[in-house]
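To start, the structure itself, in structure tokens.
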Amino acid sequence: MTLLPSRQGVTGGDSPPRPELSEEAIDAFLGGRDPAEAFLDTGLFSERRRRLAERALGAELDFHLEHEDGGNTRNGHNRKTVHTEHGSMRIAVPRERQGSFQPQLIRPWCRRLEGLDDLALSLFASGLSMRRIGDQIAAQYGVDVSAEVISKITDEVHEEIREWQSQPLQQVFCLLYLDAIFVRIREDGAVSNKAVYLAVGVDCTGRKQVLGMWIQQTEGAKFWLKVMKELRQRGVTDILIAVTDALKGFPQAITAVFPQALVQTCIVHLLRNSLAQVSYRERKPLAKALKAVYRADSAQAARQALEAFRDSELGRRYPAIARSWEAHWEEVVPFFSFTEAVRKVIYTTNAIESLNSCVRRAVAARGHFPSDKAAAKLIYMALRNVERKWKAPPSFWHQARREFAILFEDRFQVLPR
């Protein structure tokens, strides 16, 4: 299973197994028509699409009757209006006397074809409200879909979230990026900021995937400890490098569950925290001084640069900055063990920051969410859209895998899931 499972098979209930259509049945309902040509007609209320759908249903019933023991025959039609992404159409659905026919194209309880559901989900993932989604579908395709129906369509995602959140994971991850964003959610009649925790992993093949999403009142090391335990329960046995923000207690939360993990504090987070302590006009010289630390050739040279800053006029005026870097020093220096090409993806959580920015854009138009469940639904859809664009391995991976193999030896191994 990929990072985010597909919608295929999520129906909201069990349905009886149905036989697959034979090649003969498919040929019968296509009637010699090229399949690509047959389904590309996008006219509203298309007579051609209606006739093709009815021929498909007729071929399905023929196929069904051919495989019955005998005694069953056709028994007229039922009329049914079905909404599609190209408009609404009135279809004659064939019946048989024994009532055992279950069409595959349009199920008995179905009023929407899959394309319309996919369109609604796509618009929802972009951050549109239920009513705006309905308005856009009506304007573009001539289909009147209420906000309640849109909500029902998108609620199917909750089953996907449950499956995704519990799916087995790769045993070894070379990189694990951990961070949180904050969204406004209503709870007990009041709206407050809640942390949405995200974990992104890169396995030993270079494949990047979102491992999970958790919503909590505040970001804290205790909750990250819970997240680490959950990843362990889902099959993760080793993490080579974990990249985190500068949250107090975060490294201990990781190593409590994965004791061999090398924890790298995000340099960008440290730099932001440092710049926030000085006036605007002093930010540029401070950034230049700290750049000499994290852009040094080695950990030893970085230490010397930090000591030089601490003894400088700016360092003496803001001693808390040097103390902060020294307090995190064991988690600052791990990336110096790698070449410049690999350092760029280890010393910062940018890999997850870009994901966060996509989520923020999706939630920006909402203001706040009525519940954790509503927030999870939209954020999951945004994550799924982003992940579909990811390619593996990333450009740095060819160089990184050689360095990981040397530094971590037998811990770096491509294992079956």
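Observations, loosely collected:
- Index of the failed condition, residue 211 passing every other in (1) open to solvent by less than 10 Å² (accessible area, probe 1.4 Å); (2) over 20 Å from residue 356 (Cβ atoms); (3) not hydroxyl-bearing (Ser, Thr, Tyr): (2)
- Residue count for segment 312-322, restricted to those that are closer than 19 Å to residue 268 by Cα, in contact (Cβ under 8 Å) with a residue 24 or more places away in the chain and of a type in the set (A, V, I, L, M, F, W, C): 2.
- Residues satisfying the stated conditions in segment 345-374, i.e. open to solvent by 30 Å² or more (accessible area, probe 1.4 Å) and β-branched (Val, Ile, Thr): 345
- Any hit, segment 339-358, residues being at pLDDT below 85, in a helix (DSSP H, G or I), within 30 Å of residue 155 (Cα to Cα) and in contact with a Gly (Cβ under 9 Å, 6 or more places away or on another chain): no
- Unique residue being within 24 Å of residue 288 (Cβ to Cβ) and of a type outside the set (Val, Ile, Thr) when the list is 330, 340: 340
Yes or no, residue by residue, for (1) touching a Pro at 6+ places or on another chain (Cβ under 7 Å); (2) aliphatic (A, V, I, L, M):
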residue: 205; (1), (2): yes, no
residue: 213; (1), (2): no, yes
residue: 222; (1), (2): no, no
residue: 226; (1), (2): no, no
residue: 274; (1), (2): no, no
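- Hits in segment 375-393 - residues which are open to solvent by 40 Å² or more (accessible area, probe 1.4 Å) and more than 10 Å from the chain's Cα centre (by Cα): 389, 390, 391, 392, 393
- Spans of strands (runs of 3 or more DSSP E) in segment 165-247 with at least 1 residues touching a Gly at 6+ places or on another chain (Cβ under 7 Å): 172-187, 190-203, 208-216
- Picking from residues in segment 244-285 that are hydroxyl-bearing (Ser, Thr, Tyr) and crowded, with 19+ Cβ neighbours inside 10 Å, the one that is nearest to residue 322 (Cα to Cα) is 274.
- Test for residue 265: is it modelled with pLDDT of 90 or more and touching a His at 6+ places or on another chain (Cβ under 9 Å): yes
- Number of the exception - residue 302 against (1) at negative phi; (2) modelled with pLDDT under 95: (2)
- Top-ranked residue in segment 192-208 [being among the small types (Gly, Ala, Ser) and modelled with pLDDT under 90; ranked as surrounded by the fewest Cβ atoms within 10 Å (Cβ to Cβ)]: 192
- Of 189, 99, 115, all but one fail to be over 30 Å from residue 265 (Cα atoms) and modelled with pLDDT under 75; the exception is 115.
- Residue match in segment 321-334 (condition: assigned to a helix (DSSP H, G or I), hydroxyl-bearing (Ser, Thr, Tyr) and open to solvent by 60 Å² or more (accessible area, probe 1.4 Å)): no
- Flag if residue 318 is surrounded by 16 or more Cβ atoms within 10 Å (Cβ to Cβ), closer than 30 Å to residue 301 by Cβ and out of contact with any helix residue (DSSP H, G or I) (no Cβ under 6 Å at 6 or more places or on another chain): yes
- Leading residue by the ranking (modelled with the lowest pLDDT) among those in segment 52-79 that are open to solvent by 20 Å² or more (accessible area, probe 1.4 Å) and under 30 Å from residue 136 (Cα atoms): 54
- Of 336, 309, all but one fail to be in contact (Cβ under 8 Å) with a residue 12 or more places away in the chain and either polar (S, T, N, Q) or under 30 Å from residue 405 (Cβ atoms) (or both); the exception is 336.
- The set of residues from segment 286-296 being in contact (Cβ under 8 Å) with a residue 24 or more places away in the chain and either open to solvent by 70 Å² or more (accessible area, probe 1.4 Å) or over 36 Å from the mean Cα position of the chain (by Cα) (or both) comprises 286, 289.
- Scan of segment 224-245 for residues that are in contact (Cβ under 8 Å) with a residue 24 or more places away in the chain and of a type outside the set (A, V, I, L, M), ordered by number: 224, 229, 232, 234, 235, 237, 238, 244, 245
The values are calculated or read from the model by the stated rules, or taken from the named source; none is laboratory data. No experiment lies behind these values; they were computed from the predicted model shown. Virtual Cβ from ideal backbone geometry, glycine too; neighbours counted across all protein chains shown. When the accessible area is computed, the model is the full protein with side chains, heavy atoms only, and any ligands, DNA or RNA have been set aside. Shrake-Rupley method; radii C 1.70, N 1.55, O 1.52, S 1.80 Å.
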